[in-house]
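Following: one structure in structure tokens, then a few remarks.
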Amino acid sequence: MRESLKSVLLSASADFAVSPRVKFVLSWQSQIVLAIDGVAFTNQVESALSSGAARGLVDLEAQLTSDVTDVIGLVQGEISTLDRMTLGSLIVVDVHSRDVVAALISEGVRGVSDFAWQSQLRYVLNAEAGISGGNGASLLSVLQMTTNLSYGFEYLVTTRNHFSFFISKNASGLFSHLVCRATPPASSSPR
């Protein structure tokens, strides 16, 4: 199963590079979308920080806000239940990513080695490792500070049993129409 997921991850990574994001997020499995989104976010932040441009992170924050708006637009349309669950999870991750960038801006982070960035979970795709992970290299690594863990294709999904997303087509303001309400999972035994 992991070999299959690795193959799908490599194919999705190639597709992400050439497809509009709104098409990509509806074309792949949820786990793959979230993994590639993590890789893309890490690459975007590190590119913004490495560019040396003072506005790099500010421009990225605007792009991430636009990305969230685009995904909200997809959820408001006619999509399958599985796509709605994928996009619900993606919205949570995207809002968090945007908030991380806002925090990096407010903390004055200027480089990829700054503590505020190094303390974040960062996803790195090592396509050279290939599906078999030659030489012990991991296809996808999760980094934080000096820790480097191989992504083992474990998956924890936000399901509608745990989160309900209500998106109103008539609400004003970008996030005023996104409400995330935690709901406990249905219990099979009375208390």
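Details
- In the stretch 45-72, the residues that are touching a residue at least 12 places away in the same chain (Cβ under 8 Å) and closer than 16 Å to K23 by Cα: D67, V68, T69, D70, V71, I72
- Among the residues making up the stretch 11-34, those that are surrounded by 18 or more Cβ atoms within 10 Å (Cβ to Cβ) and more than 19 Å from D70 (Cβ to Cβ) are S13, Q31.
- Some residue of the stretch 121-135 being polar (S, T, N, Q), under 24 Å from I36 (Cβ atoms), at pLDDT 90 or above and out of contact with any Asp or Glu (no Cβ under 6 Å at 6 or more places or on another chain): no
- Of the helices (runs of 4 or more DSSP H) that lie entirely inside the stretch 1-91, those containing 3 or more residues that are in contact with a strand residue (DSSP E or B) (Cβ under 8 Å, 6 or more places away or on another chain) and at pLDDT 90 or above span 30-50, 56-76.
- If the condition is being more than 8 Å from Y123 (Cβ to Cβ) and among the polar types (S, T, N, Q), then the stretch 25-44 contributes S27, Q29, S30, Q31, N43, Q44.
- Contacts under 9 angstrom Cβ, first residue in the stretch 8-25 being within 19 Å of L140 (Cα to Cα), partner polar (S, T, N, Q) and surrounded by fewer than 17 Cβ atoms within 10 Å (Cβ to Cβ), 6 or more apart: V8/Q29; A12/S27; A12/Q29; D15/S27
The values are calculated or read from the model by the stated rules, or taken from the named source; none is laboratory data. Bear in mind the structure is a predicted one, so any value in this text is a computation, not a measurement. Please note: Cβ atoms are built from the backbone with ideal geometry, for glycine as well, and neighbour counts cover all protein chains shown.
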